[in-house]
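J.: Just passing along the structure, written as structure tokens.
Derivation of every value follows stated rules applied to the coordinates shown; laboratory data play no part. Note that the structure is a prediction, hence the values are computed from the model and not measured. Every residue, glycine among them, receives a Cβ derived from its backbone with ideal geometry; neighbour counts consider all protein chains shown.
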Amino acid sequence: MRRGILARAVISAGADAPAGTAERILDAALTQFETVGIKRTTVEDITRRARLARVTLYRHFPGKDDIVEAVILREMGRFLNALEAEMAGFSSTEDKLTEGFVFSVAFLRANVLLNRLLEIEPDSLLPYLTVDGGALVETGAAFLAVQLACDALEDRSGEELRVVAELAVRIMLSFLLTPSRGIAIDDPADARAFARRHLNPLLLGHPSGADRAGARR
């Protein structure tokens with residue numbers, strides 16, 4: 001329950017960076033987690049890397065679990081902020097979905113913390129993305145629904161648009177947690193082609209622009 005509240009608060013607010021000492025603690029923790037993982041990191045490791053007294057850390061975070069939550073949620077917030085900026089450059093829903101998917105694949109594949117944890121201790125991260133990930137999916141879907149809203153979907157209710165957004169979030173999580181051997185998306189051109197040919201028709205319920213153009217010939 002507490003994790004869900006934090007997810008809504010941090011991501012819904014755009015993951016505003018903590019100020020001053022708290023930010024310094026999170027930066028130190030992020031570097032430590034990227035280096036040795038979460039399990040092997042102690043509070044002493046974080047305070048040493050941040051060059052702070054332990055009592056100072058406890059003024060901002062009650063314990064290691066709170067630091068872990070804050071670091072992961074801050075990384076997710078940074079991703080959503082970057083995704084919002086990327087999608088803002090496109091006007092149509094299809095282009096927003098396509099380029100948002102391409103951007104997400106590249107961003108998440110390049111995230112050091114995410115890939116390090118999936119490699120050396122997936123059990124530290126997976127709860128945030130699976131069994132305890134309901135609030136993140138919910139908030140991510142609400143975020144994406146706002147980005148997708150445009151004239152092209154004016155005939156859809158808010159509830160229908162929310163379904164489209166949640167499906168997109170769940171599909172992205174699936175690719176993140178279980179990389180496909182049969183669907184090539186590592187190259188941006190491949191990811192873009194996959195989104196236009198398969199993802200958009202699935203989510204929007206009609207052929208992509210390219211397929212419609214081909215059907216008219």
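J.: Local charge sum around residue 89 (other residues, Cβ-Cβ under 13 Å, Lys/Arg +1, Asp/Glu -1)? Could the numbers behind the result be given before it?
T.: On the way: positive: 96; negative: 84, 86, 95, 99.
Result for the local shell: -3.
J.: Label residue 130 and residue 192 with points 7 Å out from Cα along Cα→Cβ: what is the distance between them in nm?
T.: According to this spin-label approximation, the distance is 3.5 nm.
J.: Compute the distance in nm between two label points, each set 7 Å from the Cα along the Cα-to-Cβ direction, one at residue 184 and one at residue 91.
T.: Result: 3.3 nm between the two label points.
J.: Would you kindly state how much longer the chain becomes between residue 48 and residue 149 on full extension, computed as 0.36 nm times their sequence separation minus their alpha carbon distance, in nm to one decimal? Walk me through the numbers before you get to the answer.
T.: Details: separation 101, 0.36 × 101 = 36.36 nm, distance 4.63 nm.
Gain in length upon complete extension: 31.7 nm.
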